[in-house]
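Heads up, the thing below is written out as structure tokens.
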Amino acid sequence: MHQLLASILIIAIIGVINGDKCGQNCLYSNCPATCPCGRTTNYVSAASYCSRYTDWDQQCCQCIVQAESQGNANAMNYNSDRTWDIGLFQINQQNFASCNSGRYPCDPQQNLACARKVWQW
């Protein structure tokens, strides 16, 4: 019985550690030890950022933000090809050079600008 309880406790601790990678910014708990956008969540209003451009469908923009990052500007995903998806719109690392001078677009305004450039909105 003690072994069972010890095993359950160890599994629970591992789950907490994995779930807390990058301070809940790692969307699928698959991030390595580095956290390019930090360990603090940064929830912002999708409507506020989407409304900065009126030439795109506001509902579509907000839907993308919700689906990709749940509105966390510091959201990160580490892909199997060892690239990162970063920010509100989960911009892939392969696009950083063309839209943010090679830097991680963690800032919501930078991420928004990258989204417009990448998707040519």
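The values are calculated or read from the model by the stated rules, or taken from the named source; none is laboratory data. Since the model is a prediction, treat every value here as computed from it, not as a measurement. Here the Cβ is made from the backbone with ideal geometry for all residues, glycine too, and neighbour counts use every protein chain on show.
Do you know which of the residues in the range 53-89 that are in contact (Cβ under 8 Å) with a residue 40 or more places away in the chain and in a loop (DSSP other than H, G, I, E, B) is surrounded by the most Cβ atoms within 10 Å (Cβ to Cβ)?
88
Inside the range 1-57, can you point out the residues that are modelled with pLDDT of 85 or more and charged (D, E, K, R)?
Listed by number, the residues that qualify are 39, 52, 55, 57.
Taking into account only those residues within the range 100-121 that are of a type in the set (A, V, I, L, M, F, W, C) and touching a Leu at 6+ places or on another chain (Cβ under 8 Å), which is surrounded by the most Cβ atoms within 10 Å (Cβ to Cβ)?
Looking at the filtered set, the residue picked out is 115.
Let me spell it out: the conditions are (1) modelled with pLDDT under 95; (2) within 19 Å of residue 26 (Cα to Cα), and residue 91 meets all of them except one. Which number is the exception?
(1)
Residue pairs, Cβ under 8 Å, 6 or more apart or interchain, first in the range 33-48 and touching a residue at least 60 places away in the same chain (Cβ under 8 Å), second of a type in the set (Phe, Trp, Tyr) and assigned to a loop (DSSP other than H, G, I, E, B). List them.
Cβ pairs passing all conditions: 36/104; 37/104.
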